[in-house]
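The values are calculated or read from the model by the stated rules, or taken from the named source; none is laboratory data. Being a predicted model, the structure only gives us computed values, none of them experimental. Note: ideal-geometry Cβ built from the backbone for every residue, glycine included; neighbour counts use all protein chains shown.
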Amino acid sequence: MDPDKRIDHEPGHDIHLEHEDPTIRFLHRIIRFAVKVLAILMVLVIVWGIGDVVYVLYQRLTQPPFMLLQINDILATFGAFLAVLIAIEIFINIRLYLSSSAIPVRLVIATALMAIARKVIIMDFDEITPPYIYMELQQ
């Protein structure tokens, strides 16, 4: 494919403010404003999540045995880290959407895969039975 004619996003996944219909233009502006509000809220969630990571680490390290982490403690810490990383990925999705007026479908899929990986990593297989996992997959 000619590099000058390359499409940076998939067709149909964009919202342009230059639409010919004034109603659609107005609705696009509302959507862009809502996305900006979501970006601000996502930054607050990221900061809150970092505080949660620090709190989880502090909690786990101050319980006996001191300064040692059990495997469950490590998994809880990984879960908190991954939750923050997922929030950062969602913020990047929002930022890319605002800068290009296109929904970055590949990045959205990558973020979803990271969320699924987090869910698998933090599963406690002592409490979750195989039938429970099977029923969750069926939904």
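Some observations on this one:
- Elements of type helices (runs of 4 or more DSSP H) contained in the range 44-139, each with 1 or more residues being under 19 Å from the mean Cα position of the chain (by Cα), closer than 30 Å to Arg32 by Cα and at pLDDT below 85: 71-100, 105-122
- Complete set of residues in the range 16-43 that are in contact with a helix residue (DSSP H, G or I) (Cβ under 9 Å, 6 or more places away or on another chain) and assigned to a helix (DSSP H, G or I): Arg32, Val35, Lys36, Leu38, Ala39, Met42, Val43
- When restricted to residues that are surrounded by fewer than 10 Cβ atoms within 10 Å (Cβ to Cβ) and farther than 23 Å from Ile71 by Cβ, the range 120-139 contains 5.
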